[in-house]
1. Rounded to two decimals, what is Rg over Rh for the chain when you use alpha-carbon atoms and the Kirkwood radius?
2. Roughly how big is the chain's charge dipole about its Cα centre, with Cβ charges of +1 (Lys, Arg) and -1 (Asp, Glu), in debye to the nearest 20?
3. Summing +1 for each Lys or Arg and -1 for each Asp or Glu, what net charge is found among the other residues whose Cβ lies under 15 Å from the Cβ of Leu28?
4. From Cα pairs below 8 angstrom and at least 6 apart in sequence, can you work out the relative contact order of segment 2-199, rounded to a whole percent?
5. What is the local net charge at Leu95, summed over the other residues whose Cβ is closer than 11 Å to its Cβ (Lys, Arg +1; Asp, Glu -1)?
Amino acid sequence: MSEMSEVVSDRTSRLLSRTEKQRQGLVLLTGIVVLMWLVEAINTLDNNHLDGDGIYARSVSHIWGILTSPFIHASFQHLLDNTVPFVFLGVIIALHGARRLALITGFIIVIGGLGTWLISPSAHNVDTIGASGVVFGYAGYLLTRGFFDRSIWELGVGILVGVIWGAVLISSLVPHSGISWQAHLCGGIAGVIVAWRLSVTDRRRREPSAEPVAAQPVG
């Protein structure tokens with residue numbers, strides 16, 4: 001009876017821990033979305049002056065725009081178009097916890113933004129803004145994580161994302177006037193890279209550490 005109680009208690013503890021982890025992830029995701037909408041409200045009141053704080057191709061003096069560009073949008077419609085897939089894909093990642101969401105988001109913003117900064121065409125006073133690069137990063141992560149992790153569940157998630165958003169994602173990589181396909185491409189690549197790196201890290205964490213073999217006396 002005592003052993004059974006310990007098992008039940010352990011399962012309950014793990015369930016509560018997982019629930020709390022998921023709650024923290026969803027809170028962080030909500031905070032990011034609220035921040036985006038708050039920035040756009042301020043931007044609108046300021047006659048869209050923040051639009052100039054995005055990514056300028058190979059401009060060292062504006063390289064900090066890599067960090068600010070995902071939170072700035074040209075209009076509320078632009079923000080709404082990005083918010084829907086951002087939340088849909090972000091919730092799936094957020095269910096793995098705030099730490100995982102923060103790590104993936106930060107990696108995509110920095111690496112995807114740096115790629116955009118490197119390959120975007122130079123144009124006078126034209127910058128890249130919006131969270132679509134992060135959206136593509138989330139999609140790239142979810143589409144490939146199951147492959148790297150050899151997980152049927154993760155593969156199922158990737159298939160679901162592909163069925164729902166695949167056509168939209170592919171069409172967004174085709175050059176359109178006023179749309180940065182470079183940000184989409186680089187964000188997606190960053191998502192694949194972070195999926196690979198985290199799968200390696202998680203696999204190593206799950207593997208039992210090798211116990212040193214004691215020397216046996218001879219003779």
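1. 1.11
2. 540 debye
3. That sum, taken over residues with Cβ under 15 Å, equals +3.
4. Working: 300 pairs, mean separation 47.6, N = 198.
Over segment 2-199, the number comes to 24 percent.
5. Working: positive: Arg18, Lys21, Arg23, Arg100; negative: none.
After counting each charged neighbour, the total is +4.
Quick note: the coordinates plus some simple rules give every number you see, no bench work behind them. These numbers come from a predicted model, not from an experiment. Glycine also receives a Cβ, built like all others from the backbone with ideal geometry; neighbour counts cover every protein chain displayed.
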